[in-house]
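First up is the structure itself, then whatever we jot down about it.
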Amino acid sequence: MFQDTDHFEFAPTLAQRKIIETAHIGDVRLCRVTSTGHLIRLRERHHATILVPRQGRLRIDTPKGRREAGPGQVIVLLPSDRETTVIAGSAGFFRCDCALIPVVPDHASAKGAAMHLAVAELAGVDLAATRLRETGWVRQMMDLYVQAASEEDSFLVEPAAREAASVLIRETLYELAIRQLPREMRVKAAPGQDWRIVRRAEELMEARLSDPLSIADVAAEIGVSSRRLQQAFGNVRNCSPRERLTAMRLDAARRHMLEAGHCATVSEVALACGFGHFGRFAAAYANKFGELPSVTLGCSHG
């Protein structure tokens with residue numbers, strides 16, 4: 001799973017087993033680990049990591065100290081030297097979902113460079129210092145993509161859906177990391193600039209609704225940091241840039257369906273408006289407009 005492993009050993013139990021299921025979504029690696037317990041020492045230089053324990057516990061020692069997490073918690077780690085001890089639960093197994101996300105700049109890829117700049121803003125911050133609670137949406141996302149990536153007839157066979165999924169996983173990493181920043185490290189408001197930043201960002205979002213656009217891309221293109229963009233949207237819209245982009249895409253999807261009617265399908269509209277998963281699109285649409293997208297398509301000629 002990790003490329004730069006210095007040492008690995010099983011826990012001293014009668015049963016010694018480790019199974020790793022791996023799926024690739026673009027350059028993001030998703031792993032589901034099942035183990036009877038083990039210790040791994042590594043030097044991760046190229047990837048940020050999201051760890052979502054399902055059974056058992058994680059104990060992670062970094063140069064900045066020890067962190068622990070169990071079911072119901074999420075840990076985010078930037079590239080670092082670390083020693084991880086995996087402790088099996090009462091049923092004798094440890095299970096964990098893991099996302100490995102490249103953060104080393106790819107100069108041939110604007111998206112890779114934008115994400116690197118976003119993560120570089122967090123350099124030196126101990127992101128594992130706070131164990132995140134109430135992160136059911138992260139667990140649901142990992143469940144969705146780990147399972148879908150292994151299905152032959154998955155929605156992820158569509159290139160646009162895979163790219164949208166990759167962007168969402170990267171965005172999740174960044175938003176989790178931002179939530180762990182100490183308050184004193186958050187960007188202070190620059191009076192009079194927030195509205196200008198939001199307007200420029202929304203103009204870019206509107207022009208590229210169908211693209212697999214990440215918030216790191218938006219920030220890079222309008223010339224601000226990702227943290228500054230997050231802060232401006234929080235002040236002006238009381239939401240994150242990703243939440244605003246999703247709302248704009250939903251509005252565009254409704255307009256498209258009302259105009260197209262039976263000439264379009266829900267999946268076509270979802271992909272055209274930048275959504276990578278049709279079920280989640282339908283749920284978000286129903287939550288916003290009070291009806292399923294299939295009903296909108298049927299009613300547009302009614």
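Rank-order 234-247, 156-169 by packing density, defined as the average count of other C-beta atoms within 10 Å over each peptide's residues, highest first.
156-169, 234-247
Looking at the square roots a ≥ b ≥ c of the eigenvalues of the Cα gyration tensor of segment 187-299, which shape do they give, rounded for a/c under 1.5, prolate if a/b is larger than b/c, or oblate?
prolate
Using a 7 Å offset from Cα along Cα-Cβ at Lys18, what residues in segment 76-93 end up with backbone N under 12 Å from the label point?
84-87
Bear in mind that the values in this text are calculations on the coordinates, not laboratory data. Note that the coordinates shown come from a computational prediction; the quantities given were computed from them, not determined experimentally. FYI the Cβ positions are ideal-geometry reconstructions off the backbone, even for glycines, and counts take in every protein chain you see.
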